[in-house]
1. If you fit an axis through the alpha-carbon atoms of helix C:120-133 and take the longest principal axis of the Cα set of chain C, what angle between them do you get, 0 to 90°, nearest 10?
2. Rounded to the nearest 20 Debye, what is the dipole magnitude of chain B about its Cα centre when Lys and Arg each give +1 and Asp and Glu each give -1 at the C-beta?
3. Just to confirm the filter: which chymotrypsin sites (Phe, Trp or Tyr not before Pro) across the stretch A:18-110 are DSSP coil and have at most 15 other Cβ within 10 angstrom of their Cβ?
4. Got a sec to turn the phi values of the stretch B:57-66 into Karplus ³J(HN,Hα) couplings, 6.51 cos²θ - 1.76 cosθ + 1.60 with θ = phi - 60°, whole Hz, x for Gly and Pro?
5. Relative to the longest principal Cα axis of chain C, at what angle does helix C:178-195 sit, 0 to 90 degrees, rounded to 10?
6. Straight-line reach from residue B:196: which lysines have a Cα under 30 Å away, not including same-chain ones fewer than 8 places off?
7. Show the residues, 5+ positions off or on another chain, whose built amide H is closer than 5 Å to the amide H of residue B:242.
8. For residue C:83, what residues show an amide H to amide H distance below 5 Å, using hydrogens built from the backbone and excluding near sequence neighbours?
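Please treat every number below as a calculation from the coordinates, not as lab data. Keep in mind that what you see is a predicted model, and the values were worked out from it rather than measured. Positions of Cβ are backbone-derived with ideal geometry, glycine not excepted, and every protein chain shown enters the neighbour counts.
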Amino acid sequence: MTLSDLRRDDWSRFSLKQRLQRYGVLALTLLAIGWAVSSIEVIWAWVWDAPEQMGDLFGRMIPPDPSNLSAILRVLWETVNIATIATAFAVILSLPVAWLAAQNTTPNRATLWVGRFILVSSRSINTIIWALLFVAIFGPGIVAGIVAIMFRSIGFVGKLLGEAIEEIDKRPVEALEATGASRFKVIAYAIVPQVMPTFWAVSILRWDINLRESTVLGLVGAGGIGIILQGAIDTFNWREAATVLLAILGLVILGEIVSAWLRRRIL
Amino acid sequence: MSTDPIDGPDVPAGAAGGATSGAVATRDHWRKKSFIANPVARWLVYGGVILYVVWTLGTLPIDWARVAEGVERAGRIFGGAFPPSFERSGLLIDGFLESLKIAILATFGGVLLSIPIAFMAARNVVPRAVFYVGRAIIIVARSFHPVIVAIIFVKAVGFGPLAGVLTLIVYSIGFVAKMLAERIEEIDFGQVEAMKAAGAPYLSTLIYAVVPQIMPRQVGLTIYQLDSNLRASAVVGIVGAGGIGSTLANAFGRYDYDFALAITMVIVGAILLSEAVSGQIRKRL
Amino acid sequence: MLKISDLVKRYGGGEPVLKNLDLTIEGESVVSIIGSSGAGKSTLLRCINRLVEPTSGSITLNDTELTRLRGAELRRARRKIGMVFQGFNLVDRLTVMENVQSGRLGYISTWAALMRRYPKEDIRRAFELMERVGIAHYADKRADELSGGERQRVGVVRALMQKPEILLADEPTASLDPKTSEQIMGLLRDLSRELKLPVLINIHNVHEAKEYTDRIVGMRYGRIIFDDLPAALDQEAMDRIYSGSPAADRAGGLKEAS
């Protein structure tokens with residue numbers, strides 16, 4: 001943005017007011033960066049040292065050590081299970097929430113706000129923070145991870161689904177109401193078919209995201225590949241850490257391929 | 001009459017087929033065409049899904065005694081969390097401002113680095129070999145959750161906000177460079193050819209013909225990324241990369257649940273506020 | 001018999017859209033309602049099946065008072081009133097058969113509806129009706145794969161599946177091209193005869209009203225100002241119904257482009 005401002009202003013492409021606005025935004029941006037740089041608590045010597053430190057670290061990762069590979073792959077499978085089961089439950093649980101949070105299906109104003117409250121609290125709290133809480137409740141392990149991912153996903157899926165419900169074509173709804181169908185049957189025949197494509201798209205998208213999220217649950221003790229990574233890093237076993245990182249990379253790429261295939265197949 | 005199994009209500013309505021040609025004169029039988037036409041394949045898929053769910057749920061190591069104890073513990077946590085304590089608001093504000101600084105610097109650095117990487121990863125402006133390098137950088141940056149990146153940076157450069165900034169720079173590259181590269185691939189190539197025809201060197205062509213076309217998208221992405229980085233900075237702090245997340249992790253570690261709740265409330269409030277602001281700005285662009 | 005008396009509909013605090021309206025429809029006649037946009041035709045139709053709540057007055061269908069029904073009683077009454085819409089109002093992503101069977105939703109169990117296990121007699125009736133209007137071979141096609149005229153035929157069959165005691169049609173041909181439009185009007189007239197069903201049609205196209213219906217009701221500003229046989233609709237009556245409105249230009253037998 002800054003680059004184009006300077007270049008474009010030489011031609012006076014913008015009116016005086018626009019130019020002042022642009023300079024204002026530019027000055028504000030610079031001010032914010034200046035404030036951040038000058039007051040952030042870092043030891044600058046470490047900053048200049050950082051590339052060397054990073055190089056050193058990566059140097060110690062080579063070559064990756066595959067001796068623990070079978071254990072890594074087993075836990076990787078567990079990671080996939082966490083993401084899949086949690087997504088499945090979250091998607092099912094998000095259906096009633098979406099129904100509550102959509103203006104045109106919610107029974108009354110109070111239920112609308114209940115629905116929105118669930119969505120906002122689920123969405124604003126990160127998976128890791130949910131995981132911290134559930135590890136405290138369920139103890140360390142994959143159950144806490146599944147519940148954490150579920151809680152975070154309900155808001156995501158519910159919000160997008162609720163928006164899809166609000167955007168449907170209302171004419172079929174009117175037509176089915178005119179046939180004397182009950183509220184539930186109107187939803188099943190006029191609303192559900194219209195939001196089906198969104199439902200599948202959002203579920204697949206969230207599964208893809210959850211695959212990534214479930215790789216870090218282990219760092220707070222909530223199961224999955226993160227536990228092995230944490231262990232390797234804590235014992236400075238960088239060569240094994242490298243294997244784990246490569247395994248995660250493979251998993252995520254594979255996940256993206258699978259979700260792209262599913263999207264093509266279903267949508 | 002066919003013996004098709006019952007189709008669940010969850011079968012999507014995509015199954016369109018031809019007419020029921022072999023029907024009898026008085027047709028009183030109709031079944032919705034299933035999404036998976038082949039009955040064997042369909043039952044294999046259904047069976048596989050059921051088997052998978054039952055098997056994974058069945059092998060979940062749930063220790064019910066531990067859970068019962070955990071629910072009790074949850075009661076204690078929530079009991080201890082109410083009412084939220086804003087007594088040490090100095091600590092809270094410091095943590096939050098640090099998160100903000102981390103987000104600003106990471107956005108600045110990330111967006112700056114994203115521009116060259118995005119050009120590298122756009123098929124239509126660089127040679128094939130460079131394209132693969134660019135794409136590989138983006139894939140790696142996108143594949144690792146910021147928390148994993150943060151742990152590695154914390155080990156390399158020590159605890160504190162520096163690790164947070166570096167982490168979120170990587171995170172920003174993963175998203176901004178990807179979106180920007182896609183935008184570059186969609187640009188109107190006529191302008192580029194016009195510049196080339198005028199005899200402009202390669203770099204000038206990029207700056208004059210491509211940059212103006214991607215600028216509006218870039219500004220929108222930057223604002224979006226600032227918002228994302230603020231969110232993420234609350235998380236990477238938990239593994240020691242500075243900001244309000246570190247404050248939260250400390251409070252949790254010391255069983256100060258009332259302070260932890262106060263921090264969580266501030267994080268949620270800040271995220272909602274920044275989402276609203278960034279949404280408004282992007283709408284006006 | 002449909003009997004409307006002293007019907008008033010007022011939106012908010014403004015001028016009523018329907019002003020003390022009286023209308024009786026007996027036997028199996030096809031009645032068309034004409035009038036310029038905003039005359040209250042659509043509101044009148046929607047008051048009958050209560051998609052719009054009347055402000056006051058009475059509507060009885062075969063001795064059932066419709067205006068005071070609530071909940072399950074209202075749904076039972078609606079089953080007896082079929083409706084065809086200008087925009088067809090089909091569920092695009094469902095098959096033609098599912099759209100047609102959705103006219104039976106008021107009758108069948110929730111389980112049957114969810115599982116698409118429709119009763120045999122309903123399926124037979126659906127095929128007969130679809131055969132009658134010429135869409136039986138589309139039973140397994142998705143509704144959005146059909147052309148406008150075919151979609152409206154699905155809409156008509158859906159309404160007839162209800163075994164209605166009266167059929168309401170709200171501008172059923174306004175979204176169709178002239179030729180298809182005439183086909184649908186002819187179909188409605190013929191079905192009315194075959195099924196001994198009274199049909200009430202809102203229509204912009206005066207030519208079609210005269211050609212295909214037994215009786216024409218002219219509305220202007222929420223009142224009925226003409227009610228007679230098509231032959232009685234002369235230029236003077238037309239002027240009274242359409243005077244000073246842009247619809248007058250369109251009403252002279254020209255077909256609408258929309």
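1. 50 degrees
2. Values: 24 positive and 19 negative charges, 121 e Å.
Using only the charged Cβ atoms, the result is roughly 580 debye.
3. On the way: sites: A:23, A:35, A:44, A:46, A:48, A:58, A:77, A:89, A:99; in loops: none.
Sparse-neighbourhood loop chymotrypsin sites (Phe, Trp or Tyr not before Pro): none present.
4. Each residue of the stretch B:57-66 in turn: 5, x, 8, 5, x, 8, 9, 5, 4, 5 Hz.
5. 70 degrees
6. B:178
7. Under 5 Å from the amide H of residue B:242 lie the amide H atoms of B:160, each far enough along the sequence or on another chain.
8. C:168
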